[in-house]
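The values are calculated or read from the model by the stated rules, or taken from the named source; none is laboratory data. What you are looking at is a predicted structure, and each value in this text was computed from that prediction instead of being measured. Neighbour counts are summed over all protein chains in view; Cβ atoms, including those assigned to glycine, are modelled from backbone coordinates with ideal geometry. Each accessible area value is taken on the protein alone, full model and side chains, heavy atoms only, with ligands, DNA and RNA left out. Shrake-Rupley method; radii C 1.70, N 1.55, O 1.52, S 1.80 Å.
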Amino acid sequence: MNRTGLAMETAEMASDKSGVRALSRNVGGVKITDVRVSDAAQRLGKPAGRYITLEGEPDAQSMTALLKRAIEQVIPRQGRLFAAGLGNPDITQDSLGALSVRSMAARDADKGIRYSLAAIETDIAARTGIDTVRLVRAAANETAADCVIAIDSLACRDPRYIGRTVQISDTGIVPGSGASKSRRELSERTVGIPVAVIGVPTVTELSSVTRNDRDNGFLVTTGDIDITVKMWAETIAAAVNGIVR
């Protein structure tokens with residue numbers, strides 16, 4: 001099973017490590033892995049850029065502070081932020097984006113503050129009839145945003161990472177790619193402004209558990225994913241709220 005939204009897993013699986021730089025350290029019981037992908041992007045199937053992964057529980061004492069610091073490293077030093085909660089809010093393992101933005105505190109662009117914040121739930125194109133990229137681009141343009149922060153659920157290769165890892169990147173994302181749905185990428189190229197992504201793996205392919213290739217294409221998750229997603233949503237919202245205060 002090679003389907004994964006985690007750059008560190010992709011880097012681990014690559015036999016040729018050229019064009020990939022990965023550094024890891026532990027801070028406050030949280031393992032931080034910083035992956036930089038350059039000319040290996042096409043070979044790895046990952047956009048060139050930076051991927052910061054934090055491994056730990058969402059309620060770990062240091063997680064919110066470390067997540068806030070990681071987000072600050074992939075967004076502009078100041079400006080108008082626009083948070084987009086991607087995914088289907090009616091499917092537990094795909095509701096991370098919606099639950100996260102519901103707990104974010106919007107803030108107007110008052111004079112003298114570093115950041116303002118606007119946020120929406122995008123839902124899914126099948127229900128809204130609007131392509132996610134077009135919706136985000138239009139809303140970001142309307143709010144004169146300087147950066148999009150997209151929050152979405154990811155797939156992972158190793159089931160041990162479900163609900164125990166959060167990835168922050170500056171590379172954009174392809175909404176629905178975790179379920180192998182073909183969509184346009186949500187990135188600076190398509191939106192016109194930097195796109196930072198916060199993602200938590202909530203599913204894995206059944207074959208990664210059974211080790212049977214016949215189980216490829218079936219996605220599974222953990223029995224407590226509802227609690228896990230809510231906890232991560234609260235942690236992500238707290239980190240973003242901490243940035244705009």
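So in region 139-154, with the set limited to residues that are out of contact with any Gly (no Cβ under 7 Å at 6 or more places or on another chain) and either open to solvent by 10 Å² or more (accessible area, probe 1.4 Å) or at pLDDT below 95 (or both), which one is nearest to residue 175 (Cα to Cα)? Going through the qualifying residues, I end up with 139.
There is no residue in region 100-113 that is on the phi > 0 side of the Ramachandran plot and either of a type in the set (A, V, I, L, M) or at pLDDT 90 or above (or both).
Per-residue answers, yes or no, for (1) closer than 21 Å to residue 217 by Cα; (2) open to solvent by less than 30 Å² (accessible area, probe 1.4 Å); (3) touching a strand residue (DSSP E or B) at 6+ places or on another chain (Cβ under 8 Å); (4) touching a residue at least 24 places away in the same chain (Cβ under 8 Å):
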| residue | (1), (2), (3), (4) |
| --- | --- |
| 128 | no, no, yes, no |
| 156 | yes, yes, yes, yes |
| 190 | no, yes, no, yes |
| 196 | no, yes, yes, yes |
| 200 | yes, yes, yes, yes |
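Annotation note: of 164, 134, 114, the sole residue that is open to solvent by 60 Å² or more (accessible area, probe 1.4 Å) and closer than 15 Å to residue 236 by Cβ is 164.
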